[in-house]
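Down below is the structure, laid out as structure tokens.
The values are calculated or read from the model by the stated rules, or taken from the named source; none is laboratory data. If you're wondering where the values come from, they're calculated on a predicted model, not measured in any experiment. No Cβ is skipped: glycine too gets one built from the backbone with ideal geometry, and neighbour counts run over all protein chains shown.
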């Protein structure tokens, strides 16, 4: 008799290997799935083989006898992981970015198609991301654009979440306990961790 499936879990995305699909701070929702139902193209969360390291989010490239082959969409072809079924925590079904609501995550054939598009369009997108990242790190935008941002603290039993509001809409969240800052573009060009860490 198989064990009952656990309820949906979540992880906050960090890293770059799936950067064209997810952004740092995205909340990924995943569900435990029977290994017989894993498909090429599914996005999965699995435990790292390095003790103490964070869980890994990659796309399934092949399902084999007792293990899967998984690789991040943005990783080169030779960077592929052989992951035993015992380390697979679940399949990612959706993600949430900065209070915009849940977005479904493509798996199976649709997921492979998306990964193929990433491979073909990767260079210009990576170039644009690199330019944007350099602009953000330089801080030059802060010299001439200082939008008015209000701080709203939410009183809940969960970890303290502070919303950053500009022009009547939420443009970011700061989770004090996790020290996790998530800011929508283009506001991430002017909001820094130091601006909210004291809240």
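The table below lists the values:
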{"read-out": "Output for the range 80-89, where each listed residue is surrounded by fewer than 20 Cβ atoms within 10 Å (Cβ to Cβ) and either free of Cβ contacts under 8 Å to residues at least 24 places away in the same chain or touching a strand residue (DSSP E or B) at 6+ places or on another chain (Cβ under 6 Å) (or both)", "value": "80, 81, 82, 84, 86, 87, 89"}
{"read-out": "Residue within the range 31-46 that is at positive phi and exposed (fewer than 13 other Cβ atoms within 10 Å of the Cβ) present", "value": "no"}
{"read-out": "Failed criterion for residue 67 (all others in (1) farther than 29 Å from residue 127 by Cα; (2) in contact (Cβ under 8 Å) with a residue 24 or more places away in the chain hold)", "value": "(2)"}
{"read-out": "Check on residue 51, free of Cβ contacts under 8 Å to residues at least 12 places away in the same chain, under 21 Å from residue 114 (Cβ atoms) and part of a loop (DSSP other than H, G, I, E, B)", "value": "no"}
{"read-out": "Single condition residue 95 does not satisfy, out of (1) modelled with pLDDT under 90; (2) closer than 24 Å to residue 133 by Cα", "value": "(1)"}
{"read-out": "Flag for residue 102 being in contact with a strand residue (DSSP E or B) (Cβ under 6 Å, 6 or more places away or on another chain), surrounded by fewer than 13 Cβ atoms within 10 Å (Cβ to Cβ) and not assigned by TED's automatic domain parsing to the domain that holds residue 182", "value": "yes"}
